[in-house]
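Single-structure report; data block below.
The values are calculated or read from the model by the stated rules, or taken from the named source; none is laboratory data. Quick caveat, the model's predicted, so the values are computed rather than measured. Cβ: placed from backbone, ideal geometry, glycine included. Neighbour counts: every protein chain shown. In case anyone asks, the SASA skips ligands and DNA or RNA and just uses the protein heavy atoms, side chains included. Shrake-Rupley method; radii C 1.70, N 1.55, O 1.52, S 1.80 Å.
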Amino acid sequence: MQRKQILTALSFAVGAGFGSASEAALYDRGNGLVYDDVLNVTWAQDGNLFKTLAKNTPNLVNNIIANAGGLPDSADGLHQSLTSRDFNAYSGYMSWLGAKVWTDNLIYGGYDDWRLPKFTGDTTCAGYNCKDSELSYMFYINLGVRAGQSVLSGSNAENLALFTNLQNYYWTGVEFSLGPGNVWTFQYGGYQQPFGSGLGYGLYAWAIRDGDVATVPAPTTSWLFISGFIGVFGFAKRARQKS
């Protein structure tokens, strides 16, 4: 059964990237998926999904490395080789490159178009109380967290209850144009800032995809290359990236 939590009396400037909605809602779509009807995105219900999958699939990291194929360009232009050091299966920490490869190739809830969170407008804001990214919208608006506080302190208990394993340090998929080797991050207390993306840096990854979800098919929780359809899905994904 879907569950809807409504947040009333919200009004946001169009310039902040959220339009002027007076009502925002999260929908529990089941099978580990939560839909945001304002940003029109679907979040993984598990805020540290990589750790959960790694616990249930001991060879997950080796499978990712062995089957990753072409790697996205790293922000520092140097870190191009994916290794086990990009992943910490015990904590869920990943380097930015590891997080990018994992989300780009994730199949979860029957969908294979997962990604890292991004900004909702053309501009970026650094510091507290920024509301121009998908993560900041989730933090400040959906969960009702105040600047400088832990994500678990949010005032919207119903929305918080929709998620598990929420963390305070997340990668975005957006590189910092003015600082080579840095990526925008969302850190403790809602502090949005560029951060080093090199191998020595580890943050969490919260998987997100565009749009709502239809009636969810039979549970499909895997990494792209663990399924029996390596050739089919692998080819389709590569073809989509090149087009």
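Data overview
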{"read-out": "Every residue from the stretch 90-130 that is at pLDDT 90 or above, charged (D, E, K, R) and over 13 Å from the mean Cα position of the chain (by Cα)", "value": "ASP112"}
{"read-out": "Matching entry among LEU166, LEU152, LEU178, LEU160 (being among the hydrophobic types (A, V, I, L, M, F, W, C), in contact with a helix residue (DSSP H, G or I) (Cβ under 9 Å, 6 or more places away or on another chain) and modelled with pLDDT under 95)", "value": "LEU152"}
{"read-out": "Filter result for the condition that a residue is at negative phi and touching a strand residue (DSSP E or B) at 6+ places or on another chain (Cβ under 8 Å), over LEU162, LEU143, LEU166", "value": "LEU162"}
{"read-out": "All positions within the stretch 28-42 that are buried (at least 19 other Cβ atoms within 10 Å of the Cβ) and small (Gly, Ala, Ser)", "value": "GLY32"}
{"read-out": "Residues (of a type in the set (Gly, Ala, Ser) and over 16 Å from the mean Cα position of the chain (by Cα)) located in the stretch 131-162", "value": "GLY144, ALA147, GLY148, SER150, SER153, GLY154, SER155, ALA157, ALA161"}
{"read-out": "Close pairs from the stretch 89-113: first more than 20 Å from LYS55 (Cβ to Cβ), partner modelled with pLDDT of 95 or more and part of a loop (DSSP other than H, G, I, E, B), Cβ under 7 Å, at least 6 apart", "value": "LYS100/LEU116"}
{"read-out": "Count of residues meeting criterion [assigned to a strand (DSSP E or B), open to solvent by less than 60 Å² (accessible area, probe 1.4 Å) and modelled with pLDDT of 90 or more] in the stretch 186-231", "value": "6"}
{"read-out": "Residues within the stretch 114-171 that are open to solvent by 60 Å² or more (accessible area, probe 1.4 Å) and part of a loop (DSSP other than H, G, I, E, B), tallied", "value": "14"}
